[in-house]
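What follows is one structure encoded as structure tokens, with my remarks underneath.
The values are calculated or read from the model by the stated rules, or taken from the named source; none is laboratory data. Everything numeric here is computed off the predicted structure, so don't read it as measured data. Quick reminder, even Gly has a Cβ in these numbers, built from the backbone with ideal geometry, and neighbours come from all protein chains shown.
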Amino acid sequence: MALTLTTTIDPDIRKAHTLPSSYYSDPEIFSEIKLGFRKFWHFAAHKDQLNGNSAIELEHLEKLIDEPMVMTDDGEIRCISNVCTHRGMLVVDGHCSKNTLQCPYHGRTFGLDGSMRAMPEFEGVEGFPTGKDDLRIFPILNWNGLIFSGIEPSGLETSLEEMERRVGWMPIETFEYDATRNRSYDINANWALYVDNYLEGFHIPFVHKGLNRALDYDDYRTELFEGGVLQIGIASEGEPIFNIPEGSPDFGLRVSAYYYWIFPGLMLNFYPWGLSVNLVVPLSVDSTRIIYRGFVWDRKMLGKGAGGDLDKVESEDQEIVEATHRGVSSTSYNRGRYSPTKESGVHHFHRVLTKHF
Ligand code: FES
Ligand SMILES: [Fe+2]
């Protein structure tokens, strides 16, 4: 990869300087990074999103890695190409509940396993069909019903082991997809600024007055692992908490939220009501789509505590991130410094990013 810039972030946070502003504002660096996303695993869907469908289009993956894909289920879950092997039309638009997929252009039909089944007006075509006429199958990982896919992905195993150890006791596979919790926001800021903001609780007392009342700010925790960060929100008195089983490393702690970030742009936020997935999808150097998906565990807990009013917290964050984008794009800013006690997550992200790019 021909990099326009190589930067190292000092491993000692007390000596380190933050990411150079070109990472947020230079279109060439942006393109390099975006292309590199093809090497990573990305969240495709929770299996409950299939709910009544045999195939769903994974539009966010197309935006992330320029690869149109569908997730199909015929008893086995697969992520397959959504690109017809005849002349390249997209096969599934949105979702489908049939047991075959038919291309709307000239009627080529595929099984849910991607195999080419039928094609009109192809009598006499030599050497047809072959395996090349089947829809391509992409690798998947299934962790407790959360399905990940990618083009040539690697490197998610440590994050999944970490989450299994910590929150694997939750019945994540049975969480119910709740489409009323879907959100999609396009913001005028670089994707990495959105990740930076997510990775510290430092701004909570300044930016999120409501959330600050639900959390014990002094006890907010940040842990680093290969390819990700976990932040743990500890509840204020009287706020809802997880009923953590004995045997969990957090047994006895008053946890109100587990905030996982996984490189590059996946956020898995576990609350006593369930899971809120945020997908950070870079659209251009200065615009980013933030997609929310919600999976409910305990309906009675909705609307309460740290995971209560997510729309308000989101709009407070977006305002900050958009203004910061204007700041880092100016000639007056290049690099800053980190708070050793409050910004270890941001430092870790910058280290991971500059290691890959
Ligand atoms: S492009 Fe799909 S049948 Fe022709
Ligand atoms: Fe925030």
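Quick look at the values:
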quantity	calculated
The lone exception for T341 - which of (1) within 20 Å of T7 (Cα to Cα); (2) polar (S, T, N, Q); (3) part of a loop (DSSP other than H, G, I, E, B) it fails	(1)
Residue match in segment 20-34 (condition: outside any loop (DSSP other than H, G, I, E, B) and touching a Gly at 6+ places or on another chain (Cβ under 8 Å))	no
Selected residue [more than 30 Å from Y259 (Cα to Cα), within 15 Å of ligand 1 (Cβ to nearest atom) and without any contact (Cβ under 8 Å) to a residue 12 or more places away in the chain] from V91, V125, V83	V125
Test result for G303, among the small types (G, A, S) and either farther than 20 Å from L230 by Cβ or over 22 Å from the mean Cα position of the chain (by Cα) (or both)	yes
Identity of the residue in segment 176-200, closer than 25 Å to G345 by Cα and hydrophobic (A, V, I, L, M, F, W, C), that ends up surrounded by the most Cβ atoms within 10 Å (Cβ to Cβ)	W191
Test: residue in segment 80-91 that is of a type in the set (V, I, T) and in contact with a helix residue (DSSP H, G or I) (Cβ under 6 Å, 6 or more places away or on another chain)	yes
Residues being within 16 Å of ligand 2 (Cβ to nearest atom) and without any contact (Cβ under 8 Å) to a residue 60 or more places away in the chain - total across segment 291-319	4
Output for segment 68-79, where each listed residue is assigned to a loop (DSSP other than H, G, I, E, B) and either surrounded by 21 or more Cβ atoms within 10 Å (Cβ to Cβ) or on the phi > 0 side of the Ramachandran plot (or both)	G75
Candidates G233, G247, G252, filtered to the one that is among the small types (G, A, S), on the phi > 0 side of the Ramachandran plot and modelled with pLDDT of 95 or more	G252
Of all residues making up segment 76-96, the number that are in contact with a strand residue (DSSP E or B) (Cβ under 6 Å, 6 or more places away or on another chain) and of a type in the set (K, R)	1
Residues within segment 97-122 that are charged (D, E, K, R) and either within 11 Å of ligand 1 (Cβ to nearest atom) or under 30 Å from L266 (Cα atoms) (or both), tallied	3
Segment 152-175 - residue that is among the β-branched types (V, I, T) and surrounded by fewer than 18 Cβ atoms within 10 Å (Cβ to Cβ) and, of those, nearest to the chain's Cα centre (by Cα)	T158
Yes/no for V229 being aliphatic (A, V, I, L, M), buried (at least 19 other Cβ atoms within 10 Å of the Cβ), touching a residue at least 60 places away in the same chain (Cβ under 8 Å) and in the same structural domain as V352 (by TED's automatic domain parsing)	yes
Index of the failed condition, R335 passing every other in (1) buried (at least 17 other Cβ atoms within 10 Å of the Cβ); (2) assigned to a loop (DSSP other than H, G, I, E, B); (3) among the basic types (K, R)	(1)
Selected residue (criterion: farthest from Y260 (Cα to Cα)) from residues of segment 193-222 that are small (G, A, S) and within 12 Å of ligand 2 (Cβ to nearest atom)	G210
Subset tally (residues that are free of Cβ contacts under 8 Å to residues at least 60 places away in the same chain and not in a strand (DSSP E or B)) for segment 257-290	2
